[in-house]
Amino acid sequence: MSSVDGSGDAGKWLDAHYDPLAGLYTFSSCVDLADLSGDGESRLLVGDLGSGSSGMKLKVYRGTALVSESALLDLPAGLVAFFMDLHEPRIPAVAVASGPCVYVYKNLRPYFKFTLPGLEVNSLEQDVWQQARAGHIDPPTLKEMLEGIRKKADIPLSVRSLRFLSLEPGEIDDFVQLHEQQPIRRQTVITCIGTLKKSTADEDGVSCLVIGTENSHVYVLDPEAFIILSKMSLPAAPTMMDVTGQFDVEFRITVACRNGNIYILRRDSDKPKYCIELTSHPVGLLRVGKNVVVGCTDDSLQGFTQKGKKLWKAALPAPITTMAAMDLPTRGFQAVLVGLANCEVHLYREKNLLGTIKIPEAVTSICFGRYGREDGTLIMTTKGGGLMVKILKRTAAFDDRDSAPGPPLAQSVRLNVPKKTKLYVDQTLRERENGLAMHRAFQMDLSRLRLTAAKAYVKALESSMTPMSSSLSEPLKMNAVVQGLGPSFKLTLNIQNTAACRPVINLAISFLCDESLYRMRNPFMRIPLLVPGLVYPVETFVECTSDKGISDIIKVFVLHEGKSSPLLTAHINMPVSEGLTLN
């Protein structure tokens, strides 16, 4: 065991192991930590790329020692550990995505091989190969016909035909003799892999495999039968993915694609629900809490919401080589580890730089989690094939104030705005945006209100249903006062001539009431000459004849001799007779 100087954050990390000659060439997608023996000690799983054409292996480390390795047939695209059943003891299986297949290992032994469904083969391509098999066309003609098909056909050629077209003229005869009897197959390959909890969010819950393919599809596989449970399509080939949720309840699959965009797939749709358009291509994708953190080729780290709204952007001093999540559930701490080409690893929480780890050479993969019996273990592989292990001190504390110079942290903290204030602000913004339409609607409603009021006023004047006369020759005003508890009431009418200098004569007052309830002493009375400006009281008595404790309206008409319509009309709401009730 050896150590390396971890200057930069030496007070927070312990240098547990550094082997520059470990010979590990891998990426973060091919590294995972899992308890493969059920003894509480996590092992390190590495999908080693070897030399790129040979030497691909699945390696398992315990502590600093290599305890197991298995040969792989093709370059690994991803590696995950997952629980595929509920059997005891709870030991996870390992799935390695390689080429068009997913190799599942149980107890570090080959258990199952899942192969992606084949793609549709071009019918014209099949016809020309059949003609070549029958001897109807020679290899040069076959090559010429395949070139024409490749330029015009909607369905791409198979790998065999593409390899045939790339051969030199002296090699095509042997290639045709070797492959002409074999059927043509067109197969896609896996580009990324992840896991999705089946029905429970428990740490040891059964998980489904989620795989992205070169032909722009995402498959969700059953953990036991390894059949396709769900198939979703994307606009471009996926390169990275992050999965959260449960398949039977609700889930989100965040996928970075080769066209430079990030898409979010949900359970209720086979196409992307949201799209995040980036200004540069993504090289890292993580989900921290409810936000998506993306590392881009423009040397920046960006944060987005689940619906694609940009939250923040942090500039980096060098290009990103790899990214990983740092999650400490016991402390409630979540952050992002970013490996840079300048031989540094930066720790970010949102856009705040919490710390820097300096290492001898650039890292190619980062993995953080429980290794052995230590919860906070940081494992890194370097460009030269080295393996580095660091352990987070239990006394380590990360403070946002360690961030680089810039705006104060409080500037990015959301204010807890009261509901009424937020409603007022939203209303103000709405009025600012739709001011013209709101003013037009207000003026329209105001005009309608004025028209309705004018119609009602004219109708009242025409029917003399108001306590003021509309006649210019007899301008009168009247109000009524009811006195008494009952059953006898005193009714006083105050009549006034509002003319300037002309008196009014020949007037009379008539009362109309329900004779079953009331009896008027003087239902009809004549009014003497009304001098302008004076108020003339006209008194009469009303007797309530009902003992049911109900009341009604008495109508009063001011009449002019020789005219059929009244000058004034008033409705008097009589009170309930309390005298009869007391009796």
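Which peptide among 447-455, 94-102, 540-548, 146-154 comes first, and what is the full order, when sorted by highest mean count of other Cβ atoms within 10 Å?
With the highest mean Cβ count within 10 Å placed first, the list reads 94-102, 540-548, 146-154, 447-455.
What net charge do the residues around LYS422 carry, taking every other residue with its C-beta under 13 Å from that of LYS422, with Lys and Arg at +1 and Asp and Glu at -1?
That works out to +3.
On the protein heavy atoms, probe 1.4 angstrom, tell me the percent of accessible surface of the range 123-180 carried by carbon and sulfur.
50 percent
Each residue of the range 141-153 in order: what ³J(HN,Hα) in whole Hz does its phi give by Karplus 6.51 cos²θ - 1.76 cosθ + 1.60, θ = phi - 60°, with x for Gly and Pro?
Those phi angles translate into 5, 4, 5, 5, 5, 5, 4, x, 5, 4, 6, 10, 6 Hz.
Give a residue-ordered list of calculated ³J(HN,Hα) values for the range 276-285 (Karplus: 6.51 cos²θ - 1.76 cosθ + 1.60, θ = phi - 60°; whole Hz; x for Gly, Pro).
Here the 3J(HN,Hα) series is 10, 8, 9, 7, 8, 5, x, 10, x, 9 Hz.
Rounded to the nearest 0.05, what FRET efficiency do LEU119 and MET438 give with R0 = 51 Å and r taken as the Cβ-Cβ distance? Could you check?
Efficiency at R0 = 51 Å is approximately 0.35.
Leaving ligands, DNA and RNA out of it, rank LYS358, LYS271, LYS290, LYS198 by accessible area with a 1.4 Å probe, largest first.
Descending order: LYS290, LYS271, LYS358, LYS198.
Find out how many positive minus negative residues lie around SER28, taking Lys and Arg as positive, Asp and Glu as negative, among other residues whose Cβ is under 15 Å from that of SER28.
-2
Using r as the Cβ-Cβ distance of ARG502 and ASN416, and R0 as 60 Å, what FRET efficiency do you calculate, to the nearest 0.05?
Working from the Cβ atoms, E equals 0.25.
Using the heavy atoms of the protein chains alone and a 1.4 angstrom probe, what is the accessible area of the chain per residue in square angstrom?
Here the residues of the chain average 53 Å² of exposed surface.
Compare the peptides 306-312, 341-347 by average per-residue count of other Cβ atoms within 10 angstrom and give them in order, highest first.
Packing order, densest peptide first, comes out as 341-347, 306-312.
For the range 468-573, with all protein chains present and a 1.4 Å probe, just round the carbon and sulfur fraction of the accessible area to a whole percent.
Carbon and sulfur together cover 54 percent of it.
Could you derive backbone 3J(HN,Hα) for the range 319-333 from the dihedral phi with the Karplus parameters 6.51, -1.76 and 1.60 (θ = phi - 60°), listing whole Hz in sequence and x where the residue is Gly or Pro?
x, 7, 9, 6, 9, 7, 8, 10, 10, 10, x, 5, 9, x, 10
So how far apart, in nm, are the two label points at LYS273 and VAL576 if each is 7 Å from Cα heading toward Cβ?
My value for the distance between the label points is 6.1 nm.
Using the Kirkwood radius over Cα pairs, work out the Stokes-Einstein diffusion coefficient for the range 1-127 at 37 °C and 0.692 mPa s, in µm²/s as a whole number.
It diffuses with D of about 196 µm²/s by this estimate.
Among residues other than GLN483 whose Cβ falls under 14 Å from its Cβ, what is the net charge (Lys/Arg +1, Asp/Glu -1)?
Residues near GLN483 contribute -2 overall.
Quick check on the range 468-573: take the gyration tensor over C-alpha atoms, sort the square-rooted eigenvalues as a ≥ b ≥ c, and tell me if it's rounded (a/c under 1.5), prolate or oblate.
Taking the square roots of the gyration eigenvalues as a ≥ b ≥ c, the range 468-573 is prolate.
At GLN131 and SER68, where each label point lies 7 Å from the Cα along Cα→Cβ, what is the point-to-point distance in nanometres?
Between GLN131 and SER68, the label points sit 5.4 nm apart.
Beyond a 31 Å Cα-Cα separation, which of these cross-linked pairs lie in this structure: LYS197/LYS309; LYS271/LYS419; LYS309/LYS419; LYS273/LYS393; LYS422/LYS455?
In this structure, LYS271/LYS419; LYS273/LYS393; LYS422/LYS455 lie more than 31 Å apart at Cα.
Share of the range 327-385's accessible area from carbon and sulfur, percent, 1.4 Å?
Of all accessible area on the range 327-385, carbon and sulfur atoms account for 48 percent.
What is the log10 of I(q)/I(0) for the range 123-180, computed with the Debye formula using one identical point scatterer on each Cα and no solvent, at q = 0.15, 0.21, 0.28 Å⁻¹?
-0.36, -0.74, -1.34
Could you list which residues have their amide H under 5 Å from that of THR188, counting only those 5 or more apart in sequence or on another chain, with H placed in the peptide plane?
Amide H neighbours of THR188: LEU119.
When you count, for each residue, the other Cβ atoms within 10 Å and take the mean per peptide, how do 233-242, 35-44 rank with the highest first?
Result, highest mean first: 233-242, 35-44.
Taking the alpha-carbon distance from LYS383 and a cut-off under 23 Å, which lysines remain once sequence neighbours fewer than 8 residues away in the same chain are dropped?
Once the sequence-local lysines are set aside, what remains near LYS383 is LYS57, LYS59, LYS358.
Take the alpha carbon gyration tensor of the chain, find the square roots of its eigenvalues, order them as a ≥ b ≥ c, and report rounded if a/c is under 1.5; if not, report prolate when a/b exceeds b/c, else oblate.
prolate
What FRET efficiency, computed as 1/(1 + (r/R0)^6) with R0 = 22 Å and r the Cβ-Cβ distance, is obtained for GLN182 and SER233, rounded to the nearest 0.05?
0.15
Between LEU446 and GLU224, what length in nm is gained on full extension when 0.36 nm per residue of separation is reduced by their alpha carbon distance?
Length difference between fully extended and current span is 72.9 nm.
Specify whether the C-alpha gyration tensor of the range 276-326 places it in the rounded, prolate or oblate class, a ≥ b ≥ c being the square roots of the eigenvalues: rounded for a/c under 1.5, otherwise prolate if a/b is larger than b/c and oblate if not.
It is oblate, given that a/c is not under 1.5 and a/b is not larger than b/c.
Report the full-extension gain for the segment LYS307 to ILE155: residue separation times 0.36 nm, less the Cα-Cα distance, to one decimal in nm.
Net length gain for the segment: 51.3 nm.
Modelling each spin label as a point 7 Å along the Cα-to-Cβ direction, I'd like the LEU423/SER564 distance in nm, to one decimal.
5.7 nm
Check which residues have an amide H placed less than 5 Å from ASP552's amide H, if you skip close sequence neighbours.
MET574
Which cross-chain or sequence-distant (5 or more) residues have an amide H under 5 Å from the amide H of THR239, H modelled 1.01 Å from N in plane?
Amide H neighbours of THR239, under 5 Å, 5+ apart: ALA256, CYS257, ARG258.
The values are calculated or read from the model by the stated rules, or taken from the named source; none is laboratory data. These numbers were taken from a predicted model, which means no experiment stands behind them. Cβ coordinates were reconstructed from backbone atoms using ideal geometry, including for glycine residues, and neighbour counts include every protein chain displayed. In case anyone asks, the SASA skips ligands and DNA or RNA and just uses the protein heavy atoms, side chains included. Shrake-Rupley method; radii C 1.70, N 1.55, O 1.52, S 1.80 Å.
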